[in-house]
1. Quick check: the angle from helix 71-81's long axis to the longest principal axis of the chain, C-alpha only, nearest 10 degrees?
2. Please state the relative contact order of the chain as a whole percent: Cα pairs under 8 Å, 6+ residues apart?
3. To the nearest Å, what is the center-to-center distance of the stretch 1-53 and the stretch 83-99, using C-alpha atoms only?
4. Cut-off is 10 Å between beta-carbons; in what order do 106, 77 appear when sorted fewest neighbours first?
5. Which order results if 97, 8 are arranged by neighbouring Cβ count within 10 Å, fewest first?
6. What order do you get for 86, 34 when you list them from fewest to most C-beta neighbours inside 10 Å?
7. Which FRET efficiency value, to the nearest 0.05, is calculated for residue 103 and residue 58 with the Förster distance at 30 angstrom and r the Cβ-Cβ distance?
8. At 222 nm, what helix-only mean residue ellipticity would the chain give, in deg cm²/dmol to the nearest 500, using -39500 (n - 2.57) for each DSSP H run of four or more?
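Rule-based calculations on the coordinates, nothing more; no lab input. What you are looking at is a predicted structure, and each value in this text was computed from that prediction instead of being measured. Cβ sites come from the backbone with ideal geometry, for glycine too, and all protein chains shown count toward neighbours.
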């Protein structure tokens, strides 16, 4: 092996080492980004868990004070909000301009 081949081999190895160093740097930076995102997601996840627990406690507290509407009563309320009568006199007919109906309100507020 002559000096020129030895020099070219060293030059080639130096170039490959630079490429590896660049790739290691990119990997390290990518790993740092992933770790930062992971930490942010853990914090956000904890906040969501806290929010859900708070909502659950609020719902349980409101359950103790206010009775929940039955499914059929909710359906009647939805129909009324969509603009239809739910009272015995006009059941199913469209409320013009969403006018209020005292008969419907009586049924919904029992």
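1. Here the helix axis deviates by roughly 90 degrees.
2. For the chain, the relative contact order is 13 percent.
3. With the stretch 1-53 and the stretch 83-99 each reduced to a Cα centre, they are spaced 67 Å.
4. 106, 77
5. The most exposed by this proxy come first: 97, 8.
6. Taking fewest neighbouring Cβ atoms as first place, the list is 34, 86.
7. Numbers: r = 33 Å, r/R0 = 1.12.
Efficiency, from the Cβ-Cβ distance: 0.35.
8. The helix-only estimate for the chain comes to -26500 deg cm²/dmol at 222 nm.
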